[in-house]
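Encoded as C-alpha cells, the structure appears first; notes follow it.
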Amino acid sequence: MLKRIVASLPAAVTVQDRDGRFLLVNEAAATQFLLPASDLVRIAPDSPPPSDALLRRREVGIELLRERRSVVCEETVLGADGSRIFRTAHKPVRIAGLDLLLSSATEITDQKLLEQNLFERAYFDELTGLPNRSVIETKANGLLHSEQSFALAFLDLDNFKQINDYYGHAVGDSLLVEFTKRISHNLRSTDMLSRISGDEFLLLLTPVLSRSEVDDYVEFVVQRLRAPFYIDNTELFASASIGVSIYPEHGRTFGELRHNADVAMYQIKNATKGGAVIFDAAMEQEAQQRMQTEQALRRAILDKRFCCAFQPKVEMRTQQVRGIEALVRLRDENGEILAPGSFINLAVELGLIDELTHLVLDEIMQSIDLIDETFGADVSISVNVAAKQACNLAFMTSFTAALAATGCPERFIVEVTEDAFVAKSKFQTEILPMLRQIGVRISIDDFGIGYSSLSALADITADEIKIDRSFITDIHQRPRSQSILRAIESISDALGMTVIAEGVETLEEVLYLQTATRIRYAQGYYFSKPVYLDEIKPVDPIRDELRWAIHGRHPEPARLRPARHYGGGRH
C-alpha cells in the first residue's frame, strides 16, 4: 500500500544514494524527467545521464549528501513543449544505515510565467518593452558617488497629442514603438532608454568622457528624428525636444539630474521644438520665474484680478469705430498691469485659458453700458479664443451658451487663428454651426502666419480676416508684402470676407492702405492703443465726439467717432 501511495503522489518523489543513483522514482518524477521510472533507476553511477537535468540532479545529490545539507531550489527541464520549472526540496536522511537524499518536486511553470508577467508589468512598459522610471532610477542611483560621469537626457515628443487627435491612438502607439526603435539604435549595452509616461522618455548615457561627447550624441539623435516615420502607409514627421543634465556637474541625486534635464527640455521646447540643449544654471532661474508666474496666474484667476482693455477697429477714411477687440490684462498683486504675452501661453498650457475666457466675457458684460456709452451701442465686440479652445467641443458648447445668455450674441465676433480651421477637428462641422445659430460672427486672427492653404480657405465661412501685423509693418517699403497683401485681398473678396489690417502704426502705412488697396478697416496704435474704460473721459458722451487722450499721431486731431448706425452685417 505504501509503495502504491508513493508511486501515485502528485509531487515528484525520488530517493538517491551517495553516488547520485536513483533508488526510488514515482510516476510524477518519471514525468518530470521525461523517462520511465524503470529506466531512471537503471542509470549506473559511472554512465552519463541522458539529459542535462538528470546530470544536474546527480551532481546536486552527491554534493548535498556529502555536506549533509537540506535545500530548496528550482529546476528547469527542457521538453518538446518548452521549459518546465519545478520547485524541489532536498533533504538528507539516514535509513537502515544508508545515507540517502529524499527529494520532492512540484511544477511551478504557470506560477513563474505569472510572476514574470507581473514583473514585466511592474518594471517594463507594455507598449514599447522599455524599462520604466523605477528601473532607470535604480541604475542611475547605482552610478552615483562614483568617479564615472554619466548623462541623463529627457526626451519629449513634440505635438504628440495633435498626432493622436488627427491620426488616432493606434497610429500614435505605432509612432511610439518606431520612435523607441530609432532612439535605441546604436545604444551601448551600458546605456538605457526608458519610457516614463505617454510621450516622455529618459535616456541614460554611461559612461561619458566629455561634454562634447554628449553634444555629439544628442545631435546624432536629433538628426535621426528628422527623417519621416512611415506608419500604415502614412508619412509622419515627429520631432522631440531634448534636455540633458550631466553627473556630477548638474546634480548629485537622480531627482536633481532628472529635474534639471526636465528644465532644459522645456527651455528648448519653448524656444524651438525639435532641438536639444544641455542644462545650465540660468535655466533654473527661468524655471523658478515660470513657477512664480504660474502660481500668480492661478491666484489671479481665483481672485478674478483680470481686466479688459479695448482696441478699436476703425474705418480708415471716416475714422469711425466699427468694432472693438477685448484684450485681457492681468493685474498683479501690486496692482500693475501685465500684458498677455507674459501669461496667455502659460494659461493655455496649464488648461486655465477656458476659465480665463469666461472671465473676459463676464468683464465685458459688466461693462456693457459703459462700452455702449463710449463706443456706440451697435459696435461689434471681438473676443479671442485660442485654437486649442476653438477645437474643444465641451468648452465651445459652454462658451456658446454663455454668449447666448448675454442677450446680444449678434454683437460678438469670435476671433480664432487659422489653424483652428485647418486642424482635423470638430470646429468646422459642429462648433461653427453652433455659433452661427445664435448670430455670432467669426474672424480669422493673425492671418498669414499659421497653416494657410487654399484648399482649407475654400471651406472656411468666416466673416472677417485680420491680416497679421508682420505683413503691414512698413508695407509701403516692401514690394513682396504688397503682393501678398493684394493676394489676400483678392481671396477675401472672392469668399465675401471683410479684411482688417492689424498693427497699423504709421501715417505711411495708412496712406498706402488707403491709396493702393481696397482695405477699409484697420486696427493699431496709429488710431489707438488698447485702452481701459476708466481712462476715457468724454465731455458729453451723448452729444460730443469721443476724445482719445492716448495718441495724437494723426495728420488731423486724434478723434475717433463712434459708429451709431453700425448694422451688424459684413462690413
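The values are calculated or read from the model by the stated rules, or taken from the named source; none is laboratory data. Because the structure is predicted, anything quoted here is derived from the model rather than measured. Every residue, glycine among them, receives a Cβ derived from its backbone with ideal geometry; neighbour counts consider all protein chains shown. With ligands, DNA and RNA removed, areas are computed over all heavy atoms of the protein, side chains included. Shrake-Rupley method; radii C 1.70, N 1.55, O 1.52, S 1.80 Å.
Overview of values
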quantity: Qualifying residue in the range 305-321 (condition: open to solvent by 30 Å² or more (accessible area, probe 1.4 Å), among the acidic types (Asp, Glu), out of contact with any Pro (no Cβ under 8 Å at 6 or more places or on another chain) and at pLDDT 80 or above); calculated: no
quantity: Verdict on ILE371 being outside any helix (DSSP H, G or I) and over 30 Å from THR515 (Cβ atoms); calculated: no
quantity: All positions within the range 433-459 that are touching a strand residue (DSSP E or B) at 6+ places or on another chain (Cβ under 7 Å) and either among the aliphatic types (A, V, I, L, M) or modelled with pLDDT of 85 or more (or both); calculated: LEU435, VAL440, ARG441, ILE442, SER443, ILE444, ASP445
quantity: Breaking point among (1) of a type outside the set (Ser, Thr, Tyr); (2) loosely packed, with under 15 Cβ neighbours inside 10 Å; (3) modelled with pLDDT of 90 or more, for ASP46; calculated: (3)
quantity: Counted residues, the range 221-258 - those being farther than 16 Å from ASP199 by Cβ, touching a residue at least 12 places away in the same chain (Cβ under 8 Å) and not in a loop (DSSP other than H, G, I, E, B); calculated: 10
quantity: Those residues of the range 305-343 which are assigned to a loop (DSSP other than H, G, I, E, B), under 20 Å from ALA386 (Cα atoms) and either in contact (Cβ under 8 Å) with a residue 40 or more places away in the chain or β-branched (Val, Ile, Thr) (or both), in sequence order; calculated: PHE343
quantity: Residue match in the range 406-420 (condition: polar (S, T, N, Q) and within 16 Å of LYS161 (Cβ to Cβ)); calculated: no
quantity: Cross-chain or 6+ apart pairs with Cβ under 8 Å, the range 142-153 first and free of Cβ contacts under 8 Å to residues at least 40 places away in the same chain, then open to solvent by less than 50 Å² (accessible area, probe 1.4 Å) and not in a helix (DSSP H, G or I); calculated: none
quantity: THR272, sole failed condition from (1) open to solvent by 50 Å² or more (accessible area, probe 1.4 Å); (2) within 19 Å of the chain's Cα centre (by Cα); (3) more than 24 Å from ALA339 (Cα to Cα); calculated: (3)
quantity: Criterion violated by ASP46 - all others in (1) closer than 20 Å to ILE85 by Cβ; (2) not in a strand (DSSP E or B) satisfied; calculated: (1)
quantity: Selected residue [open to solvent by 90 Å² or more (accessible area, probe 1.4 Å) and of a type outside the set (Gly, Ala, Ser)] from ASP216, ASP199; calculated: ASP216
